[in-house]
Structures are given as structure tokens and as C-alpha cells.
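Asks: Once you've had a glance at the structure underneath, I'll fire off some questions.
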Amino acid sequence: MDPMLLLFRDMGMGLMLGLSACGSGSGAGVAGMAAIGAWKKKYSQNKPASFMLLAFVGAPLTQTIYGFIVMNRMADVALASQGAYLLGIGAFCGLAIGISAYYQGKCAACACDAMEETGKGFGNYMIILGFTETVALLVMAFTLGILGKLAGT
């Protein structure tokens, strides 16, 4: 196997998981900061804080799982002649999944703020988080399809 193509393959796999995880960590961090602020406000008023905000904070973490699933499929497909393809797939698809996670975290931060203010709307907020999650799911599904076609060539 050509060492350069192996390097491209390995970089693609690393980028897929790494970029997905960076987005998940950033998104969960943004949402976590909002949840902490919401809890602080409730505690300072001697009111009970909603445990349900943790659902918002944890939402972006699933994109790391999607990156891991695709990375494992990339390892199965990894033929020497396709190393350059896998670098591009890992970079762009990992970035798309990571950005989805980051913006899901920003939506979750807004949901934490709204839930703290009103105590209402949990289902509506989760639907919005689901929409941003759908981008990552579609990228994962389409990428697995592309990888399947590469494996057949």
C-alpha cells in the first residue's frame, strides 16, 4: 500500500471523529453554560431548578457517535487506492456533523433560557433540537452510502 494514501486514509478517519467530537464538545459546553446560568437564577430566587435542562445539554453529544460510526465504516472500506477520497470525506463530513452539533448546542442554550423563564415548551424545544440533529443524521446516512459505493469499486 502506498504510504501517502495510508496517511490520507488515517487523516480522514481522524478528522471524521475529531471534528464531530469538537462540535459535540463545543455544543454541550455552550448549552451547559446556559443551564448553569438558568440554575443559578433559580437558586438565587430560592426556587427549584429544572433537571430537564440536562436533556438540552446532552443533545449535541450524539454527533460524536455518528462520527464514530462513519469512522468505523471508513476503516472497513479503507483500500489503498481510496485514501484521498477518505481524507476529503473525513474532513467535510466530519465538519458538517460538528457544525450541526455546535448549532444544536446554541439552540439548546436558548432552550435552557426559555425553559428557565417560562417553565413551558420542553417538547417544542426538543423538536428544534431534533431539526438540527437531522442534519448530522443525513450527513451520516449519505456518507455511509458514499462509502458503500467506494467499497464496491
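The values are calculated or read from the model by the stated rules, or taken from the named source; none is laboratory data. Nothing here was measured: the structure is a model prediction, and the numbers come from that model. We place every Cβ from the backbone using ideal geometry, glycine too, and count neighbours over all the protein chains shown.
Asks: Can you find a residue in segment 58-66 that is buried (at least 20 other Cβ atoms within 10 Å of the Cβ), more than 18 Å from A111 (Cβ to Cβ) and in contact with a Ser or Thr (Cβ under 9 Å, 6 or more places away or on another chain)?
Replies: Taking every residue of segment 58-66 in turn, at least one turns out to be buried (at least 20 other Cβ atoms within 10 Å of the Cβ), more than 18 Å from A111 (Cβ to Cβ) and in contact with a Ser or Thr (Cβ under 9 Å, 6 or more places away or on another chain).
Asks: I'm trying to understand the selection: among the residues of segment 26-54, which are part of a helix (DSSP H, G or I), buried (at least 18 other Cβ atoms within 10 Å of the Cβ) and among the small types (G, A, S)?
Replies: Of everything in segment 26-54, those that are part of a helix (DSSP H, G or I), buried (at least 18 other Cβ atoms within 10 Å of the Cβ) and among the small types (G, A, S) turn out to be S26, G27, A28, A31, G32, A34, A35, A38.
Asks: Another question, if that's okay. Based on this model, can you work out whether M33 counts as within 26 Å of L138 (Cα to Cα) and touching a helix residue (DSSP H, G or I) at 6+ places or on another chain (Cβ under 8 Å)? Before you say what the answer is, go through the steps one by one.
Replies: Values: within 26 Å of L138 (Cα to Cα): no; touching a helix residue (DSSP H, G or I) at 6+ places or on another chain (Cβ under 8 Å): yes.
No.
Asks: Continuing with the same structure: Quick check on G83: is it in contact with an Asp or Glu (Cβ under 9 Å, 6 or more places away or on another chain), of a type outside the set (A, V, I, L, M) and closer than 30 Å to P3 by Cβ? Talk me through it step by step, then tell me what you get.
Replies: Working: in contact with an Asp or Glu (Cβ under 9 Å, 6 or more places away or on another chain): yes; of a type outside the set (A, V, I, L, M): yes; closer than 30 Å to P3 by Cβ: yes.
Considered against the rule, which asks whether it is in contact with an Asp or Glu (Cβ under 9 Å, 6 or more places away or on another chain), of a type outside the set (A, V, I, L, M) and closer than 30 Å to P3 by Cβ, G83 comes out as yes.
Asks: Under 6 Å between Cβ atoms, at least 6 apart or on separate chains: pull out the pairs that start in segment 35-52 with a residue that is of a type in the set (D, E, K, R) and end on any residue that is outside any helix (DSSP H, G or I).
Replies: Once the first residue is of a type in the set (D, E, K, R) and sits in segment 35-52, its partners that are outside any helix (DSSP H, G or I) give K42/A49.
Asks: Moving to a separate point now. So which of G27, G58, G32, G37 is over 20 Å from L144 (Cα atoms), touching a Lys or Arg at 6+ places or on another chain (Cβ under 9 Å) and small (G, A, S)?
Replies: Values: G58 fails: touching a Lys or Arg at 6+ places or on another chain (Cβ under 9 Å); G32 fails: touching a Lys or Arg at 6+ places or on another chain (Cβ under 9 Å); G37 fails: touching a Lys or Arg at 6+ places or on another chain (Cβ under 9 Å).
That would be G27, the only listed residue that is over 20 Å from L144 (Cα atoms), touching a Lys or Arg at 6+ places or on another chain (Cβ under 9 Å) and small (G, A, S).
Asks: So, in segment 11-55, exactly how many residues are at pLDDT below 95 and either within 30 Å of A84 (Cα to Cα) or in contact with a His (Cβ under 6 Å, 6 or more places away or on another chain) (or both)?
Replies: So the answer is 3.
Asks: Now for a different question. Suppose the filter is out of contact with any Leu (no Cβ under 6 Å at 6 or more places or on another chain), under 30 Å from K41 (Cα atoms), modelled with pLDDT under 95 and not small (G, A, S); does E133 pass it?
Replies: On the way: out of contact with any Leu (no Cβ under 6 Å at 6 or more places or on another chain): yes; under 30 Å from K41 (Cα atoms): yes; modelled with pLDDT under 95: no; not small (G, A, S): yes.
Criteria not met by E133.
Asks: Limited to segment 111-130, what total is found for residues that are closer than 27 Å to F92 by Cα and either modelled with pLDDT under 95 or surrounded by 12 or more Cβ atoms within 10 Å (Cβ to Cβ) (or both)?
Replies: From segment 111-130, those closer than 27 Å to F92 by Cα are 126-130; that's our starting set.
Applying the additional criterion that residues be either modelled with pLDDT under 95 or surrounded by 12 or more Cβ atoms within 10 Å (Cβ to Cβ) (or both) yields 126, 128-130.
The qualifying residues number 4.
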